[in-house]
Structure formats: C-alpha cells, structure tokens
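Written out below as structure tokens is the structure these notes cover.
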Amino acid sequence: MLIVANWKAYVDTADKAKKLFASAKRLAQSADIALAMPYPYLGLFAGNKSTVALASQDVSISTGGADTGEVTASTLASLGVSYSVVGHSERRAKGETDEMVLEKVKRLLAHNVTPIVCVGEAERDLDARYLSGIRAQLAAVFAHLSQKERLSIVVAYEPIWAIGKTAAESIQPLELEEMVLYIRKVLGDYLPGKSAQKVRVLYGGSTEPTNARALAAGSGVDGFLVGHASVDAPTFSALVKAVS
C-alpha cells in the first residue's frame, strides 16, 4: 500500500515539516510512505537516509536554462526525489492541460522520477458521460509512451466532487471499486494481457481514518493520495494504520 501525503501549502515552516517527517519515518515501517512537500523542503530532507520517499507536488515542463522560477525534473532527481504529482485537479484548475501533463511525465521519466498522474471528474452525470473524460485524461498520457514507460506510471484517481467533503459524503467503497476496474480497463488498451494490473492506482478525495479501511478493502486500490489529513500527524498516523 502506497500512501502519498500531499502537504499542499498547509505546511509553511521548516519546524512543522521536520515534525511531520519524523512521524512519517515511524509509520514507514508498516506502509510505503511518500511525502509530497513544497519545493524548499525537498532540499531540507535531501540525502536523509530514510525509508520515507520524497515527492514533489509538481514539476516544470522546462528542461532548464533561462526560465526564472521553474523547477526541473533534473533538479528533483538530484535531490533524491522518487515521485512527482502531475495533473492534480488544483493545477488543472489553474490552466494545466493534458498536453502539459504529458510533457511533465516525459521529463520525469527521463530522470527516473515516478510520475503520479491525477485523473478525475468534476461531477457525475446519470448517463456516466464523465467516464469518457477520465478515459481522455488517461489516453493523453498513455497513448504517447512506450510499454516500459507505461508501467512506470502511478495513477491517482481524485474525483473533484469528493474533495473537501466528510467521509460520509465522499466516494463509497463500491463506487471506488467500480472506478478502479474502469481505470484498469482503459489501461488495458495500452498494456497487453495482465500488465494493466501492475500499474498502481491510488485514490484521493476526503480520505480519513474513519473511511480509509473500508475504501481499501476489496476495492482493488493500491494506496491513497492524502491531502489535508496528511498534515496532522495523529490523523495521518491513524489513517496509515487503518489500511496497513
């Protein structure tokens, strides 16, 4: 089970970052933990010998040079970053396109950083037209990669309508199971045989200690992308223990 803690911009002091990192190190004995933190903190923990993986919340499409303010995939790799989130709904809302997501994925793969590609619908309709949107988001990436590259991707399903809600209002276990099956069906268009089963699929969207166990059990999900709940050490600890 891979648990990715997306700190977003909640963590705004080095002291809090260090405390959360220390807590995650203890949890890493029972689950694969990756911390997606603001760029400055990646340097703070670079070289730290720990089972906790470093992740970035984004990456530039730039390859370097005269590009003020950009952080490249090569920079992330030099800091020992293992994962990078791309295509998060909050970035897409700011104008990130499918084409930009693909370019970021290519940059990351070229530097052996695993992309966590976020896909998801803003809302659901009774005719299930939202499924075609998710298919398009996946196709925009997987259709342009080699077989080896496709197997290096982590997919994070994050329905926008479920973000920021209570556990009761969020996605239900059966709904998640259906979505994981659908995502793997789409991936089957690009990966032969049972290869699609090797791609890790995470869920992100109002995951809390109270619903994490139910969402993990039997849904086929391989882990979680956790937002706000990941910046409170006791809450995140309870969540990880619930699914470990």
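Taken as a whole, the structure places Lys94 among residues that are closer than 22 Å to Gly227 by Cα, without any contact (Cβ under 8 Å) to a residue 24 or more places away in the chain and either part of a loop (DSSP other than H, G, I, E, B) or in contact with a helix residue (DSSP H, G or I) (Cβ under 8 Å, 6 or more places away or on another chain) (or both).
Every listed requirement among (1) surrounded by fewer than 16 Cβ atoms within 10 Å (Cβ to Cβ); (2) at pLDDT 95 or above; (3) outside any helix (DSSP H, G or I); (4) of a type outside the set (Val, Ile, Thr) is met by Lys165 save one, (2). Hey, among the residues in the stretch 1-15 that are more than 16 Å from Gly227 (Cβ to Cβ) and in contact (Cβ under 8 Å) with a residue 12 or more places away in the chain, which one's surrounded by the most Cβ atoms within 10 Å (Cβ to Cβ)? Top of the filtered list is Met1. You will find that of Lys104, Lys19, Lys25, the residue that is in contact (Cβ under 8 Å) with a residue 60 or more places away in the chain and assigned to a helix (DSSP H, G or I) is Lys19 and no other.
When Ala31 is tested against the conditions (1) of a type outside the set (Lys, Arg); (2) modelled with pLDDT of 95 or more; (3) farther than 20 Å from Ala110 by Cα, the lone failure is (2).
Could you grab me the full set of residues in the stretch 28-59 that are closer than 22 Å to Ala73 by Cβ, under 19 Å from the mean Cα position of the chain (by Cα) and assigned to a loop (DSSP other than H, G, I, E, B)? Once the filter is applied, which keeps residues that are closer than 22 Å to Ala73 by Cβ, under 19 Å from the mean Cα position of the chain (by Cα) and assigned to a loop (DSSP other than H, G, I, E, B), the stretch 28-59 yields Pro38, Val52, Gln57, Asp58, Val59. Return a yes/no flag: does the stretch 236-243 have any residue that is in a loop (DSSP other than H, G, I, E, B) and not aromatic (Phe, Trp, Tyr). No; the residues of the stretch 236-243 include none that is in a loop (DSSP other than H, G, I, E, B) and not aromatic (Phe, Trp, Tyr). Screening Val141, Val117 for residues that are surrounded by 15 or more Cβ atoms within 10 Å (Cβ to Cβ) and in a helix (DSSP H, G or I) leaves exactly one candidate, Val141.
For the stretch 185-244, a tally of residues being under 16 Å from Ala36 (Cβ atoms) and among the β-branched types (Val, Ile, Thr) returns 4.
The residues in the stretch 40-96 that are of a type in the set (Lys, Arg), surrounded by fewer than 14 Cβ atoms within 10 Å (Cβ to Cβ) and closer than 23 Å to Ala17 by Cβ can be counted, and the count is 1. Within the stretch 189-235, the residues that satisfy the criterion of being assigned to a loop (DSSP other than H, G, I, E, B) and exposed (fewer than 15 other Cβ atoms within 10 Å of the Cβ) are Asp189, Pro192, Gly193, Lys194, Ala217, Gly218, Asp232.
The values are calculated or read from the model by the stated rules, or taken from the named source; none is laboratory data. Here the structure is a predicted model, which is why all the values come from computation and not from measurement. Positions of Cβ are generated from backbone atoms using ideal geometry, with glycine treated the same way; all protein chains shown enter the neighbour counts.
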